[in-house]
Amino acid sequence: MKIFSKTLLAAIAVPVLLTACTTANNSAEKPMATVTAQDLQHHNWNLVQIDGKAIQLDKQGQQPRLEIGEKMTANGSAGCNNFFGQGELKDGQFRIEKMGMTMKMCGDTAMNVEMTMSKALSDWSEIHLTKDSLELKGSEHTLTFELKDWVN
């Protein structure tokens, strides 16, 4: 009976230990537990997906991007127009308070991306951050950004 118990224990323990090791090695891809201002500041992200679908740019459109600078100042391009404001974090959520924006017209594709992005950024969205990406999950849309580079 003792041999059976030890064998059973080993059969259960080995997969659990292997899973724990695999999980530890993939920690860079998992979201951070709590995102802080220091995690966001001095970074620039390009918008790559809306609701899991790759964004489409037309000839007039710019690469939509989000830059968070010193003291959580936020700015970037929403696809057509540039925006600016004050980034805020609260209870695992992010928004840009009092977001201002330029007002030029672009093609339908760029304007659709812009409307979606600006609404998501100005409303509270759940924020998830990994080593290489930022995800904002709002009430209507999920925006996925890819880390582009450091901001000075």
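What follows is calculated from the coordinates using simple rules that are stated; it is not laboratory data. Just so we're clear, the structure is a prediction, and the values are computed from it rather than from any experiment. In this analysis, Cβ positions are derived from the backbone assuming ideal geometry, glycine residues included, and neighbour counts consider all displayed protein chains.
Values for this structure:
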read-out: Cross-link pairs beyond the 23 Å C-alpha cut-off, checked among 53/98; 71/98; 59/98; 104/148; 59/137; 104/137; value: 53/98; 59/98; 104/148; 59/137; 104/137
read-out: Nitroxide proxy distance, nm - points 7 Å out along Cα→Cβ at residue 108 and residue 53; value: 1.3
read-out: Rg/Rg_ref, the range 62-152, where Rg_ref = 2.2 N^0.38 Å and atoms are Cα; value: 1.02
read-out: Descending principal axes extents, the range 32-81, alpha-carbon based, whole Å; value: 35, 23, 11
read-out: Under 17 Å from residue 131, Cα to Cα: aspartates and glutamates that are on another chain or at least 8 residues apart; value: 29, 39, 67, 146, 149
read-out: Förster-model FRET efficiency, 35 Å R0, residue 142 and residue 82, C-beta, rounded to 0.05; value: 0.95
read-out: Net length gained if the chain between residue 89 and residue 124 were fully extended (0.36 nm per residue, minus Cα distance); value: 11.7 nm
